[in-house]
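The structure appears below as structure tokens.
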Amino acid sequence: MVYFSKWKIILVLAVVALGFVFATPNVMEKSTAESIPTWLPHKQVNLGLDLQGGSHLLLEVETDVVIKEQLESIVDGIRVALRRDRIRYTGLGVRGLGVGVTVRNPDDLEKAVQLIQDIDNGIEVDTQGTRIILNLTDDAVTERRNNALAQSIEIVRRRVDETGTREPTIQRQGDSRILLQLPGVEDPERVKRLLGRTAKMTFHLLCENQDAGPGRVPPGCMELPDADAANPNSSGTYLLRRRVAVSGDRLVDSQASFSAQTNEPVVTFRFDTLGGKRFGDITRDNVGRPFAIVLDGKVISAPVIREPILGGNGQISGNFTVTEANDLALLLRAGALPAPLNILEERTVGPGLGADSIAAGKVASVIGLIAVVVFMILVYGLFGVFANVALAVNMILILAALSLFQATLTLPGIAGIVLTIGMAVDANVLIFERIKEEVRAGRTPISAIDAGYSRAITTIIDANLTTLIAALILFFFGSGPIKGFAVTLSIGIVTSMFTAIMLTRLLIVTWLRRRRPAALPVV
């Protein structure tokens, strides 16, 4: 006997009701949906770049900068090691993808080579007389380039997320490029400004002699420009100690605020425990001395330390506008890029293309839906009507799932929905054909329906499970349009199995109990 337990009825009705509730915001205006309280379903389906327009950027990471910085770090390590062991040297510096240094005393050569080999595992050491040549190995260069690209992708993702852009596409392309797609972005110029800054911040003490003259930099110092050089009161350049007092890598938070004294926009920051201790020690030991804040090679502020700054908190002022303060705080929160980014390609996708795509998708969906509906009614009669009701509910559940999980709907995603329309009735076709066979074998209507569902279920699960596995593989290993297709296909498979197996059975059982027919209209 056909039996449908109460808990199953409640489950089916609850899922269908929730589907309608979560899908409803999509038929509203965007402003109306946003006005719905957040504790109620209010999210609409996210449209991809090809549907709502936006910005397409191809970025290149200057990985050579990372290699150069690594070599400069090796130079500093060699300098410290040789001076510590009182080994005299000359000609220390970077040469291409290597470092060279000449030991003055040939007797110190072997000891110097040993010290240098302990500095970095990724270098090859060669000697030419008293000249020591160090070159990065191919593996070390490749590893550093890959790490720089991976870190850049993560930092780009953080910066873009901070702007409020939903569902951006950020993908690696080749050895040094990043593909960035920003659907519906309203201010692409701001995004480009944020991505164009490395945001590498360091803190330095100023050298004592600030009047050494142009180009005359004392040993251990470096000359950096003032970020506010256009200001008449600006000194133009500063002489800073080359050694970093505190690194911006230790920052854990940064917020835009207003100065309590001047009411001007400022940026407050907070270090982690180790950075806060270092910052406190530096400010305690150097009260009365200027302390420069350097951002991307420019001095944005050089205030005099009035008193020890303990607790790991600080403030940056620099004639900022509100927007500049917000952007700088965002950059510091997201972290510094390991290397500069160059924009190789920029395209703006207009929403007109998206509107055309949506219109074409609607036409294809309606044509496909009408064809399936007509076919099911002509072939299976009343049972075909039940299958069509389940198909309509299936479309609503797909829309609800896309809204609930905030998946991005793309043009290939629409293709996945159109494909789902055809696939959604496959399970019903298998069940109805099995019911026909059981009726022809002499079973009663109730027995035929019961046998049709129980014997077709294995085939249905096998067929849909294999398709679902293929869709999941496309999702995890594909990118861009392929993922969009895989998302809607996967959701459609799950919802179609639910509606075909559970909802149509509930409709048929309800009809069967009320009408108790002597013959089934499916034959």
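Summed over the range 1-40, the residues that are open to solvent by less than 90 Å² (accessible area, probe 1.4 Å) and either of a type in the set (V, I, T) or in a helix (DSSP H, G or I) (or both) give a count of 20. Kindly provide the set of residues from the range 242-253 that are farther than 20 Å from I305 by Cβ and open to solvent by less than 50 Å² (accessible area, probe 1.4 Å), ordered by number. D253 - this is the single residue of the range 242-253 that is farther than 20 Å from I305 by Cβ and open to solvent by less than 50 Å² (accessible area, probe 1.4 Å).
Quick grid of which residues meet (1) surrounded by fewer than 16 Cβ atoms within 10 Å (Cβ to Cβ); (2) more than 19 Å from R242 (Cβ to Cβ); (3) modelled with pLDDT of 85 or more:
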{"position": "G77", "(1), (2), (3)": "no, no, no"}
{"position": "A81", "(1), (2), (3)": "no, no, no"}
{"position": "R88", "(1), (2), (3)": "yes, yes, yes"}
{"position": "T102", "(1), (2), (3)": "no, yes, yes"}
{"position": "L109", "(1), (2), (3)": "no, yes, no"}
{"position": "Q114", "(1), (2), (3)": "yes, yes, no"}
{"position": "D120", "(1), (2), (3)": "no, yes, no"}
{"position": "R131", "(1), (2), (3)": "yes, yes, yes"}
{"position": "A140", "(1), (2), (3)": "no, yes, no"}
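Do we find a residue being open to solvent by 70 Å² or more (accessible area, probe 1.4 Å), over 26 Å from N313 (Cβ atoms) and either charged (D, E, K, R) or at pLDDT 85 or above (or both) anywhere in the range 225-235? No, every residue in the range 225-235 fails to be open to solvent by 70 Å² or more (accessible area, probe 1.4 Å), over 26 Å from N313 (Cβ atoms) and either charged (D, E, K, R) or at pLDDT 85 or above (or both).
Residues that are out of contact with any helix residue (DSSP H, G or I) (no Cβ under 7 Å at 6 or more places or on another chain), open to solvent by 70 Å² or more (accessible area, probe 1.4 Å) and under 30 Å from Q151 (Cα atoms) do occur in the range 45-67. Could you go through the range 412-429 and let me know if any residue there is at pLDDT 80 or above, open to solvent by less than 20 Å² (accessible area, probe 1.4 Å), touching a helix residue (DSSP H, G or I) at 6+ places or on another chain (Cβ under 8 Å) and under 29 Å from K192 (Cα atoms). Scanning the range 412-429, I find at least one residue that is at pLDDT 80 or above, open to solvent by less than 20 Å² (accessible area, probe 1.4 Å), touching a helix residue (DSSP H, G or I) at 6+ places or on another chain (Cβ under 8 Å) and under 29 Å from K192 (Cα atoms), so the answer is yes.
Could you please let me know if D139 is among the charged types (D, E, K, R) and out of contact with any strand residue (DSSP E or B) (no Cβ under 9 Å at 6 or more places or on another chain)? Answer is yes for this residue. Scanning the range 442-467 for residues that are aliphatic (A, V, I, L, M) and open to solvent by less than 40 Å² (accessible area, probe 1.4 Å) returns A448, I449, A451, A456, I460. On the basis of being within 30 Å of G413 (Cβ to Cβ), touching a strand residue (DSSP E or B) at 6+ places or on another chain (Cβ under 9 Å) and at pLDDT below 80, does L97 make the cut? So L97 does not fit the description; no. State whether one or more residues within the range 268-278 are closer than 26 Å to N209 by Cβ, open to solvent by less than 10 Å² (accessible area, probe 1.4 Å) and at pLDDT 85 or above. The answer is no; no qualifying residue exists.
Of the numbered criteria (1) at positive phi; (2) of a type in the set (G, A, S); (3) surrounded by fewer than 18 Cβ atoms within 10 Å (Cβ to Cβ), the one G184 fails is (3). Of all residues in the range 31-50, those that are on the phi < 0 side of the Ramachandran plot have Cβ atoms under 6 Å from Cβ atoms of residues that are surrounded by fewer than 19 Cβ atoms within 10 Å (Cβ to Cβ) and among the β-branched types (V, I, T), 6 or more apart or on another chain, in P41/V21; H42/I36. Going by the structure shown, is V374 among the β-branched types (V, I, T), at pLDDT 85 or above and either in contact with a His (Cβ under 6 Å, 6 or more places away or on another chain) or more than 22 Å from V15 (Cα to Cα) (or both)? Considered against the rule, which asks whether it is among the β-branched types (V, I, T), at pLDDT 85 or above and either in contact with a His (Cβ under 6 Å, 6 or more places away or on another chain) or more than 22 Å from V15 (Cα to Cα) (or both), V374 comes out as yes. Considering the range 151-165, and only residues there that are under 27 Å from Q44 (Cα atoms) and buried (at least 16 other Cβ atoms within 10 Å of the Cβ), the residue that is modelled with the highest pLDDT turns out to be V156. Is there a residue in the range 65-81 that is of a type in the set (S, T, N, Q) and assigned to a strand (DSSP E or B)? Looking through the range 65-81, none of the residues is of a type in the set (S, T, N, Q) and assigned to a strand (DSSP E or B). Inside the range 187-210, residues that are open to solvent by less than 30 Å² (accessible area, probe 1.4 Å) and not in a helix (DSSP H, G or I) make up a count of 9.
Among the residues of the range 294-336, the ones that are in contact with a helix residue (DSSP H, G or I) (Cβ under 6 Å, 6 or more places away or on another chain), farther than 22 Å from V191 by Cα and of a type in the set (A, V, I, L, M, F, W, C) come to 3 in all. Scanning the range 1-48 for residues that are within 21 Å of V494 (Cβ to Cβ) and among the charged types (D, E, K, R) yields a total of 2.
For the range 289-321, the tally of residues that are out of contact with any His (no Cβ under 8 Å at 6 or more places or on another chain) and either at pLDDT 85 or above or assigned to a strand (DSSP E or B) (or both) stands at 13.
The number of residues in the range 385-409 being in contact with a Pro (Cβ under 9 Å, 6 or more places away or on another chain) and open to solvent by less than 20 Å² (accessible area, probe 1.4 Å) comes to 2. Looking at the range 123-142 only, could you name the residues that are free of Cβ contacts under 8 Å to residues at least 40 places away in the same chain and either within 30 Å of L328 (Cα to Cα) or outside any helix (DSSP H, G or I) (or both)? Hits for the range 123-142 are E124, V125, D126, T127, Q128, G129, T130, I132, I133, N135, T137. Only residues that are of a type outside the set (K, R) and part of a loop (DSSP other than H, G, I, E, B) were counted across the range 84-107, and they come to 5.
The values are calculated or read from the model by the stated rules, or taken from the named source; none is laboratory data. Because the structure is a prediction, the values reported are computed rather than measured. Because the Cβ atoms are built from the backbone with ideal geometry, glycine has one as well, and the counts that use them run over all protein chains shown. Areas reflect the complete protein model, heavy atoms only, side chains present, ligands, DNA and RNA absent. Shrake-Rupley method; radii C 1.70, N 1.55, O 1.52, S 1.80 Å.
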